[in-house]
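This report concerns only the one structure given below.
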Amino acid sequence: MSTVAFDVQAIRARFSALRQPLAFFDGPGGTQVPDSVIDAVAAYYRDSNANVSGPYETSRRTEALVSQSRLTAADFLRCAPEETIFGANMTTLNFALSRTAARDWKAGDEIVVTKLDHDGNVSPWLELAHDKDLRVVLADIHEDTTLDLDDLERTLSDRTRVVAFPIASNAVGTLTDVKRVAELAHSAGALAWADAVHYGPHGPIDVADWGVDVLVCSPYKYFGPHLGLAFGRAELLESWRPYKVRPAADEPLGHRFETGTLPHELLAGFVAAVEYVESIGWDAIRAHERELGERFLAGLPDGVTLYGLPTMDGRVATFAFNVDGVSTREAATRLGDAGYAVWHGNYYALEVMKRLGLEDEGAVRAGIVHYNTAEEVDGLLATIASL
């Protein structure tokens, strides 16, 4: 539920970064952060900078911050605080957790990934397969970039250990049927292992309702600092033997999988980022993004090829496209020079690009989040038309 009326100019006033003459459509690579997040990071350094377990005030403040971070993460993911795990980033967490999960797997065991995935949810499994003689199977996507659930079901066997998949594609914006994928994984006795990195700024996460076993995401994609966050189902975490140093505590449960000292200042920024999102509300965020996404799709000029769903149904407002006769690098560079920050290439979504026949140059990507405006969208479209 929204707690304030959505006023995009009032929202933008909370971001010093948005005062420069650059329209940020690069959110899929990392969003801008509100001033409250910057202030929280700085305040930690000024007032509380210490390691945990010390018998003095700043250490106790840090311990309180870590506890608050787990409560905030639990509320954001809809899980228990002890099921939350912090790390350097999603990819690092995924490499570590996949290795932990697979300690006892045998040669010939299978992992299913999808052609919608970011490589952060593919390469950890490929490397694991290389080391342990496992088999990685790719589930296909339809021509419209939706996940082919029938093909996914066909890939499953009694040797399947994990079904790894994205909530939303970081390349083409397509959403997946999370509950159905989880059901299919569980029907084969496998874990449902979800990548919510790209979905994070666009809608609420609910691991309990979705039925996933593991979920990884990145707060820097939803207005926070560079950090990784994971959920692991408690029964699963209890069954895993963690990679950790001997003196490290075993409680809370998720802490067993956090190596070394946590970046406490970034935890302070994470808490502020979630508070920022809560101050706006997902209903308002989703309604504004859908309106801008529809505006972008309706205004695409002739000579532009869109990859992915042509309406806002079944997707988030992330768009991959190419302009006839203009290379992706040249198009992105010209847009950047004109004041519109976009990406080009494959954005680590290698399998999507292979499936679309775009291995060489990839595509241009424009991502809309709630701090973007209709005027920015119109300006981007006009500049695309002039390329």
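Only residues that are in a loop (DSSP other than H, G, I, E, B), under 19 Å from A341 (Cα atoms) and over 23 Å from the mean Cα position of the chain (by Cα) were counted in the stretch 8-22, giving 3. Number of residues in the stretch 208-227 that are more than 20 Å from P34 (Cβ to Cβ) and either aromatic (F, W, Y) or buried (at least 24 other Cβ atoms within 10 Å of the Cβ) (or both): the value is 5.
Of all residue pairs spaced 6 or more apart or on separate chains, those with beta-carbon atoms under 8 Å, a first member in the stretch 318-344 that is in a strand (DSSP E or B) and a second member that is acidic (D, E) and crowded, with 17+ Cβ neighbours inside 10 Å are Y340/E376; A341/D26; W343/D26. Residue count for the stretch 285-317 under the criterion of being surrounded by fewer than 21 Cβ atoms within 10 Å (Cβ to Cβ), of a type outside the set (A, V, I, L, M, F, W, C) and either in contact with a strand residue (DSSP E or B) (Cβ under 7 Å, 6 or more places away or on another chain) or assigned to a loop (DSSP other than H, G, I, E, B) (or both): the result is 8. Among the residues of the stretch 106-117, those identified as closer than 18 Å to A182 by Cα and assigned to a loop (DSSP other than H, G, I, E, B) are K115, L116, D117. Can you pull out every residue in the stretch 350-385 that is on the phi < 0 side of the Ramachandran plot, touching a strand residue (DSSP E or B) at 6+ places or on another chain (Cβ under 9 Å) and in a loop (DSSP other than H, G, I, E, B)? Those that are on the phi < 0 side of the Ramachandran plot, touching a strand residue (DSSP E or B) at 6+ places or on another chain (Cβ under 9 Å) and in a loop (DSSP other than H, G, I, E, B): L356, L358, E361, I368, V369, Y371, N372, T373. The residues of the stretch 97-107 that are crowded, with 17+ Cβ neighbours inside 10 Å, closer than 14 Å to D131 by Cβ and not β-branched (V, I, T), listed by number, are S98, A101, A102, W105. Considering only residues in the stretch 138-193 that are among the hydroxyl-bearing types (S, T, Y) and in a loop (DSSP other than H, G, I, E, B), the one that is surrounded by the fewest Cβ atoms within 10 Å (Cβ to Cβ) turns out to be S157.
Scanning the stretch 78-96 for residues that are among the aliphatic types (A, V, I, L, M) and surrounded by fewer than 21 Cβ atoms within 10 Å (Cβ to Cβ), we see that the one that is nearest to L184 (Cα to Cα) is A80. The residues listed here are L97, L128; of these, the one that is closer than 30 Å to A171 by Cα, assigned to a helix (DSSP H, G or I) and in contact with a Lys or Arg (Cβ under 7 Å, 6 or more places away or on another chain) is L128. Is one or more of the residues making up the stretch 66-85 on the phi > 0 side of the Ramachandran plot, at pLDDT 95 or above and not assigned by TED's automatic domain parsing to the domain that holds E375? The answer is yes; a qualifying residue exists.
The values are calculated or read from the model by the stated rules, or taken from the named source; none is laboratory data. None of the values given here were measured: they were computed from a predicted structure. When we count neighbours, we look across all protein chains shown, and the Cβ atoms used for this are built from the backbone with ideal geometry, even at glycine.
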